[in-house]
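Read the figures in this text as sums done on the coordinates, not as results from a lab. Given the structure is predicted, the values throughout are model-derived calculations rather than measurements. So basically every Cβ, Gly included, is an ideal-geometry build from the backbone, and we count neighbours across all protein chains shown.
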Amino acid sequence: MTQDDSLELLAAEVYGDVAVTAVIRPAAILPERAARQVLVELAHRDVRSGGTWFATPAMWQRYDGPWAGLDQPGDAQLVGTMQVAYGVPTHYDITIYRATITVVGSAQGWTVESLCDEALGYGGYTLAACPRAELRDPPKPFRLGR
């Protein structure tokens, strides 16, 4: 079992309602222009003002309906989460590196791809068409005496 597998199992135990978690490798990189468009659209679709998205700099969450109040989800249920990092790899890019679909989301037909495609679509991208992070070779092992 790898460290990533252990973290995913821990997350499943903590959240309890996780149906699918996918580590996006290589990570998807949303370029600056598209990132700005996505952030504007997520703000327009905020759960606290009648929408279905709750976005923070570390996580974008999709609900099946708007919240009952500012901090009260009410009957709205979480269908999925995208873990993101702002300002990576460049100052204005957004990196998407993990997505999770809850049991509720899975029952409603959501997939990792459909969740990511909805959010990325606000910037004109799909998960499949989004640029990817460059993977580098790991460093050579350190050897004494050479």
Considering amide H positions built from the backbone, and no H for Pro or chain starts, which residues 5 or more places from ARG98, or on another chain, come under 5 Å of its amide H? ILE24, GLN83
Under the Karplus curve 6.51 cos²θ - 1.76 cosθ + 1.60, θ = phi - 60°, whole-Hz ³J(HN,Hα) for segment 81-98, x wherever Gly or Pro sits: 9, 10, 8, 10, 9, 7, x, 10, x, 10, 3, 10, 7, 10, 9, 10, 10, 7
In nm, the gap between the two label points placed 7 Å beyond Cα toward Cβ at GLN77 and GLU113 is 2.4
Computed over the chain: longest principal axis from alpha-carbon atoms vs helix 112-121 long axis, angle to nearest 10 degrees, is 80
Distant-in-sequence amide H partners of GLN77 (H built 1.01 Å from N, under 5 Å): ASP64, GLY65
The answer for the longest stretch of the chain without any exposed chymotrypsin sites (Phe, Trp or Tyr not before Pro) (DSSP loop, at most 13 further Cβ atoms within 10 Å) is 1-91
Per its Cα gyration tensor (rounded if a/c is under 1.5, else prolate when a/b beats b/c, else oblate), segment 12-121 is best filed as oblate
Relative to the first principal axis of the alpha-carbon coordinates of the chain, what is the inclination of helix 3-15, with its axis defined by its Cα atoms, in degrees from 0 to 90 and to the nearest 10? 20
